[in-house]
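Colleague: Let me give you the structure first, and then I'll get to my questions.
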Amino acid sequence: MSESDQLFSAARQLLSGSFSGILSTHSLEMPGYPFGSLLPYSLGPDGWPVLLMSHLSKHTRNVEAVPQCSLTLVEKGGGDIQTLMRLTCLGDLRAAEVIDPAATERHFRYFPDSRDYYQQLNFRFYQFQPQRFYCVGGFGAARWMGADRLTYITPFRPDQELLLIREMHTRHNDPLREYLNRQSQIPALTETIEIAGIDGLGLDIRLSRELLRIPFIRPVTKAAQLDRTLVETLETTSTNRQSPG
């Protein structure tokens, strides 16, 4: 894989596995100034962010007036933040006139508390339609990216994803627990492991209120490949962490 392809792949994984970002909208109260809000998001069937927002929030009022906005994501990690990957997603954020019930249920798997916001507090789903991306992969590695280069549609239908989640829970609960216990940033794992979602590039886990993504070592294009790919991903990650240097 070329350096360019590696950067595109890393940018797509950052979009898939950040789960929250800084939404910058055009301020109505301070015209000409951006207004930043930290918001969670899930991915819809088209692979782009879906956000659940209150009609009372300033950022909601801002995008209702001017839908053009940006969503900024930052790689998790310590040390010098300038060495971490950053992705700025520029696009339009609009209320979903009609949203697939499967997409709402997927969002609730990632953010269980949001179900009450939606059902009781009149929150509304908004869909992000990207126009362009600017990716900074560290010092000396920055470039614009077209939305077409980051487009990714999961190979799994919503009903397939639910079935695969149940199968992965049954077959791989212990290996997943061992994998998570090996991660230096995670203490001894006692919480229940919940798989929030699966796509062809990775698997997302929810531990209490924390979301973690496990990127696959290679893309999965059909359900029959998932089981073996997950096993090899967990084994490869374990080997890499145990290798010196």
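Colleague: Return the residue satisfying two criteria in turn: it lies in segment 1-58 and is closer than 19 Å to residue 220 by Cα and hydroxyl-bearing (Ser, Thr, Tyr), and of such residues it is surrounded by the most Cβ atoms within 10 Å (Cβ to Cβ).
Modeller: Here the residue is 16.
Colleague: It is to be established whether one or more residues within segment 197-210 are in the same structural domain as residue 73 (by TED's automatic domain parsing), at pLDDT below 85 and more than 23 Å from residue 102 (Cβ to Cβ).
Modeller: no
Colleague: When segment 70-124 is examined, which residues are found to be of a type in the set (Val, Ile, Thr), farther than 29 Å from residue 137 by Cα and part of a helix (DSSP H, G or I)?
Modeller: Residue satisfying the conditions is 104 alone.
Colleague: Right, here's the next one. Between a first residue in segment 204-225 that is closer than 15 Å to residue 42 by Cβ and a second residue that is at pLDDT 95 or above and small (Gly, Ala, Ser), which pairs have beta carbons less than 6 Å apart while being 6 or more apart in sequence or on different chains?
Modeller: Cβ pairs passing all conditions: 204/196; 204/197; 206/196; 213/17; 213/202.
Colleague: Out of the residues in segment 65-89 that are of a type in the set (D, E, K, R) and crowded, with 16+ Cβ neighbours inside 10 Å, which is farthest from residue 30 (Cα to Cα)?
Modeller: 75
The values are calculated or read from the model by the stated rules, or taken from the named source; none is laboratory data. Since the structure is predicted, the reported quantities are computational estimates derived from the model, not experimental observations. Glycine gets a Cβ as well: all are built from the backbone with ideal geometry, and neighbour counts include every protein chain shown.
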